[in-house]
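For reference, the structure discussed in these notes is given below.
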Amino acid sequence: MKEEILITGYNGSLAKQLSRTIDYSKYRIKYLTTQKSACKENIFYWDISTNYINPQALVNTHHIIHVSGFSISNKWNAKNKKLMYDSRVKTSLLLYDRCIKMRINPKTFISISAMGYYGFKQNGLKTENDKPHDDWLSKLCVEWEKMADNFKKIGTRVCKLRSSLIINKNAEIIQKTNIGFSIGLGLIFGSGQQQFPWIHIKDMSRFIVFILENKNIQGVFNVASPEKISYQDFIKKIKLIKYPNSILLHVPEMLLKLCIPKKKELILNNIKLCVKKMKSTGFFWEYETIEKFVKTDL
């Protein structure tokens, strides 16, 4: 009999990639969506504002992959920060509460956290044992992971993935970078020496499925490509391979402070993610380098 997987964030790019990666001969996939119009046989409605989940979404569920969340790329005002928090933290708690009430004990709960756990204005290589910072995004990630840990109380295997920037050719940062190059400019923010932790969406999806298949994997994982690259080298690699006739232009930090005074922290953050723990599971990356991504997927 096929095991059933419930994936949140039906309309998100990662949920869609998972639907192309999971082996349908082994699993049946169900989704949760906030859009009633999208609901059908295996897509169910939920609404965090009213604490509602269609109970059929959880019936016979063996694994939950929680990837929903209001995008951090949206404007950082009070309203949106609340949406970012509720769509991650409160949804995790809602899933747990409904499992308790329905006496459902999933085998696995996978939560996609973020490298934001380590905070803004940080430097250096971060391992899973490093402490969180005290800014708002770090606090959000801490609460996010705490909610995931609730599932341990009912014997569920919990994996918390501190994801780097997830990219493919449709990712927002890639599309904006291509817009610049389309008019002959490769934009480098600040000095460009800040690190650029990333992972291809296919590898992110493959690692999630790898966790499902390997029952001994649990706990916290930094999830990124093994390649350590600066933002400047990321832009230079795209120029070299795709846009050799373009020119590179540095956008001074002062200008970023004027244009995006809050989100500049995200752009200029300077951390690397140690992925030794991820590698120790036996997982291998299809996209280890930016060069591979640019040559085959951009």
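The values are calculated or read from the model by the stated rules, or taken from the named source; none is laboratory data. The structure displayed is predicted, hence computed values, not measured ones. Every residue, glycine as well, gets a Cβ built from its backbone with ideal geometry; the counts of neighbours run over all protein chains shown. Accessible surface areas use protein heavy atoms only, side chains included; no ligands, DNA or RNA. Shrake-Rupley method; radii C 1.70, N 1.55, O 1.52, S 1.80 Å.
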Plugging the Cβ-Cβ distance of E41 and S19 into 1/(1 + (r/R0)^6) at R0 = 22 Å yields, to the nearest 0.05, a FRET efficiency of 0.95
Ordered by number, the chymotrypsin sites (Phe, Trp or Tyr not before Pro) in the range 9-98 that occupy a DSSP loop and have at most 15 other Cβ atoms within 10 Å are Y24
With the 1.4 Å probe rolled over protein heavy atoms, the range 216-298 has an accessible area per residue in Å² of 55
With every protein chain present, what is the per residue accessible area of the range 102-184 (1.4 Å probe, Å²)? 47
If you roll a 1.4 angstrom probe over the protein chains with everything in place, what fraction of the accessible area of the chain belongs to carbon and sulfur, to the nearest %? 53
What is the helix-to-structure angle for 136-149, meaning the angle in degrees between its Cα long axis and the longest Cα principal axis of the chain, kept from 0 to 90 and rounded to the nearest 10? 30
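Once the Cα gyration tensor of the range 1-159 is found, what semi-axes does its equivalent ellipsoid get, as square roots of 5 times the eigenvalues, in whole Å, sorted largest first?
Output for the range 1-159: semi-axes of 27, 18, 16 Å.
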Can you give me the accessible area per residue for the range 20-62, using a 1.4 Å probe, in Å²? 58
Just the C-alpha atoms of the chain: what Rg/Rh do they give, with Rh taken as the Kirkwood radius? 0.97
Potential extension, N168-E286 segment - 0.36 nm per residue separation minus Cα distance: 41.2 nm
Here is the link list: K16/K146; K81/K202; K160/K239; K152/K277; K146/K263; K16/K215. Which ones come out longer than 32 Å on Cα distance? K160/K239
